[in-house]
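The structure appears right after this line, and notes come after that.
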Amino acid sequence: MNTELVKITIEDSDEKFNKAVELLRNEEVVGMPTETVYGLAGNALSPLAVSRIFEAKGRPTDNPLIVHISEFSEIYDLVKAVPEEAKRLAEKFWPGPLTIILPKADKVPYCTTGNLETVAVRCPSHEIARRLIKLSGLPLAAPSANLSGKPSPTKADHVYEDLKGRIPFIIDGGDCAEGVESTVITLAGDKPRLLRPGNVTLNELVGVLGEVEVDDAVLNPLKSTETASSPGMKYKHYSPDAKITLVKGSFDAFCEFVNAFDNKTYAMIFNEDSVENLKIPYIKYGFADYKNLAHNLFDSLRELDKIGAKQCFVRYPDDENKDNLAVLNRLLRAAGFNVIEV
Ligand code: AMP
Ligand code: MG
């Protein structure tokens, strides 16, 4: 299959979207930019389109998809009922990087929800994503547009690298502003529960809802006997080919430890780390400020494969700061929970 990669900006006219809209209406899939990461979009109500998403990504079929809508009112079509909490969250964070889980309406097929009775819904803030949803007239299931297991794509080129020949069309809308996937919260249980941290932070959610539980899988590996409340968390995730190890400790101790390795070993460090004492090659992945780290994280992990790194030691972000949950959650999974202290 030939994969077309087309640049679209918000100034472009609706005609520019024709090809993508036609593909979506014909149950095909399209790579689209969102403010979090690039998504692989297809009609969320079409089992054929949804099966194409799973096939193109090589995604396990029990890993549910997030359904994207262009405005709040479209949620009523997808869920059984919209509770007060969902309205308050949407008012504050939509359009934006928050996904809300609720009991699904009958018309949402089980293939979209990974056989669950609930559905995940998000209204993205990216203008191109919202226009594509509006113009197609469809709710769009759109998981991250990477091969399953790889770091999520934050540039159209990342989508092309992973899915070239597997999907017909990619919209290049520039780099993603946020760089990590949406925050996922479920309102389908007794209490609101954070399933996946993102750039809408725990503190911000608590500010709107009062109490929010944090799912154990946010910062811990799933025990083999547990069922995942967020199925995506049980899979190996975000991993480059290089073996990733997170290293806790001062930068001096970090350098002393990693300098013993050869030059196929890389370091991923903070922008403010001064490198005179570092003897191995390195990538700076951002200032220790959390949104900056989130923005560059996946691109840095992909960079390791491009340069042929065998392993990489990564500076551990401050885990006292709850705003770092999103970056920590992704890094811990990229490292298979491999953390050492120096
Ligand atoms: P991705 O689209 O790749 O960002 O992954 C979406 C993630 O959202 C999945 O891996 C799940 O962990 C989570 N998710 C989606 N739908 C549900 C649902 N109905 N219940 C719980 N978690 C969900
Ligand atoms: Mg994903």
Region 46-57: number of residues that are under 18 Å from PRO153 (Cβ atoms) and away from ligand 1 (no atom under 12 Å from the Cβ): 3
Please verify whether ALA90 is away from ligand 1 (no atom under 16 Å from the Cβ), under 30 Å from LYS291 (Cα atoms) and hydrophobic (A, V, I, L, M, F, W, C), treating the condition exactly as stated. yes
SER229 within 16 Å of ligand 2 (Cβ to nearest atom) and crowded, with 17+ Cβ neighbours inside 10 Å: no
Restricted to region 142-154, and to residues that are among the hydroxyl-bearing types (Ser, Thr, Tyr) and within 11 Å of ligand 1 (Cβ to nearest atom), which residue is farthest from ILE69 (Cα to Cα)? SER148
Expected output for region 19-46 (first residue over 15 Å from ILE133 (Cβ atoms), partner more than 16 Å from ligand 1 (Cβ to nearest atom) and part of a helix (DSSP H, G or I), Cβ below 6 Å, 6+ apart or cross-chain) is GLU27/LEU48
For GLY198, all conditions in the list (1) in a loop (DSSP other than H, G, I, E, B); (2) more than 16 Å from ligand 2 (Cβ to nearest atom); (3) not aromatic (Phe, Trp, Tyr) hold save one; what is the number of the exception? (2)
How many of the residues in region 58-68 are in contact with a strand residue (DSSP E or B) (Cβ under 6 Å, 6 or more places away or on another chain) and more than 9 Å from ligand 1 (Cβ to nearest atom)? 1
Need a quick list: strands (runs of 3 or more DSSP E) entirely within region 232-292 having at least 3 residues that are at pLDDT below 95 and within 16 Å of ligand 2 (Cβ to nearest atom). none
Of ASP190, ASP175, ASP157, which residue is in a loop (DSSP other than H, G, I, E, B), under 20 Å from GLU35 (Cβ atoms) and either in contact with a helix residue (DSSP H, G or I) (Cβ under 8 Å, 6 or more places away or on another chain) or more than 13 Å from ligand 1 (Cβ to nearest atom) (or both)? ASP175
Those residues that are among the aliphatic types (A, V, I, L, M), assigned to a strand (DSSP E or B) and away from ligand 1 (no atom under 16 Å from the Cβ), I need them from region 4-45; list them, please. LEU5, VAL6
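From LEU116, LEU140, LEU89, grab the single residue that is within 16 Å of ligand 2 (Cβ to nearest atom), surrounded by 17 or more Cβ atoms within 10 Å (Cβ to Cβ) and of a type in the set (A, V, I, L, M). Don't jump to the end; show me each part of the working.
Working: LEU116 fails: within 16 Å of ligand 2 (Cβ to nearest atom); LEU89 fails: within 16 Å of ligand 2 (Cβ to nearest atom).
So the residue among LEU116, LEU140, LEU89 that is within 16 Å of ligand 2 (Cβ to nearest atom), surrounded by 17 or more Cβ atoms within 10 Å (Cβ to Cβ) and of a type in the set (A, V, I, L, M) is LEU140.
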Taking the criterion of being touching a helix residue (DSSP H, G or I) at 6+ places or on another chain (Cβ under 7 Å), more than 15 Å from ligand 1 (Cβ to nearest atom), at pLDDT 95 or above and in a strand (DSSP E or B), would at least one residue in region 206-221 satisfy it? no
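The values are calculated or read from the model by the stated rules, or taken from the named source; none is laboratory data. For clarity, every value in this text was computed on a predicted model and none was experimentally measured. A quick note on method: Cβ atoms are made from the backbone with ideal geometry, for glycine too, and the neighbour counts reach across all protein chains shown.
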